Amino acid sequence: MNYFIVTQTDGVIQITSFAQRLTSRWPQTHLEEISNPASSHALEFRIPMTHSRVDGSINRAGSALVFIGDLRDCAELALWCRSTLPAHEPLTLCDEGMSGSIELEQETTLAEIYAAFRYQPPRS
């Protein structure tokens with residue numbers, strides 16, 4: 001399932017600095033700048049994470065990320081994104097069918113994201 005982080009205004013996600021922070025946090029990240037101006041994506045990424053590989057992209061307007069992977073990894077990425085973007089900027093995490101949605105706050109927890117998407121993580 002695709003997940004989205006959406007901002008209310010364009011330009012919140014600064015592509016270059018976001019890419020630098022992403023590879024600093026997850027050094028194994030593969031980045032690909034999209035040079036075709038007809039594409040709605042400016043950057044695509046692949047991050048090997050604990051439970052899956054998260055594949056995603058950032059739109060040219062700097063107002064949305066779309067990514068796919070295990071929800072546990074996607075939730076971790078979402079919380080990390082919240083911590084790196086301006087605190088005053090509202091962010092929404094949702095899935096493509098809008099069956100799950102949550103406003104990402106600085107205090108949002110993994111458990112709150114799991115609840116918003118009706119996800120019960122497996123017991124270890």
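The values are calculated or read from the model by the stated rules, or taken from the named source; none is laboratory data. Quantities reported herein were computed from a predicted structural model and do not represent experimental measurements. No Cβ is skipped: glycine too gets one built from the backbone with ideal geometry, and neighbour counts run over all protein chains shown. Quick note on the areas: whole protein, heavy atoms, side chains included, nothing else; ligands and nucleic acids left out. Shrake-Rupley method; radii C 1.70, N 1.55, O 1.52, S 1.80 Å.
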remark   = If each part is reduced to its alpha-carbon centroid, the stretch 1-56 and the stretch 67-124 end up apart, in Å, by 16
message = Taking a ≥ b ≥ c as the square roots of the Cα gyration tensor eigenvalues, with a/c under 1.5 meaning rounded and otherwise prolate when a/b beats b/c, else oblate, which class fits the stretch 1-110?
response = rounded
ask   = So how do 110-117, 9-16, 53-60, 68-75 stack up, highest first, on mean other-Cβ count within 10 Å?
value = 68-75, 53-60, 110-117, 9-16
query = Pairing the Cα long axis of helix 15-25 with the longest principal axis of the chain, what angle in degrees results, from 0 to 90 and rounded to the nearest 10?
reply = 50
Share of carbon and sulfur in the accessible heavy-atom surface of the chain [1.4 Å probe, %] = 50
request  = Sort the stretch 82-122 into rounded, prolate or oblate with this rule: let a ≥ b ≥ c be the square roots of the eigenvalues of the Cα gyration tensor; rounded if a/c is under 1.5, and if a/c is not under 1.5, prolate when a/b is larger than b/c, oblate otherwise.
outcome  = oblate
task = Might you work out the accessible area of Arg21 for me, using a 1.4 Å probe with all protein chains in place, and round it to the nearest 10 Å²?
result = 80
inquiry  = What distance in nm separates the two pseudo spin-label positions at Arg123 and Glu105, each 7 Å out from Cα along the beta-carbon direction?
reply    = 3.1
request  = Specify the angular offset, from 0 to 90 degrees and rounded to the nearest 10, of the alpha carbon long axis of helix 71-84 from the longest principal axis of the alpha carbons in the chain.
outcome  = 60
request  = Send over a whole-number figure in Å² for the accessible area per residue of the chain, probe 1.4 Å.
outcome  = 54
query = How much accessible surface does Thr92 have with a 1.4 Å probe, in Å² rounded to 10?
reply = 30
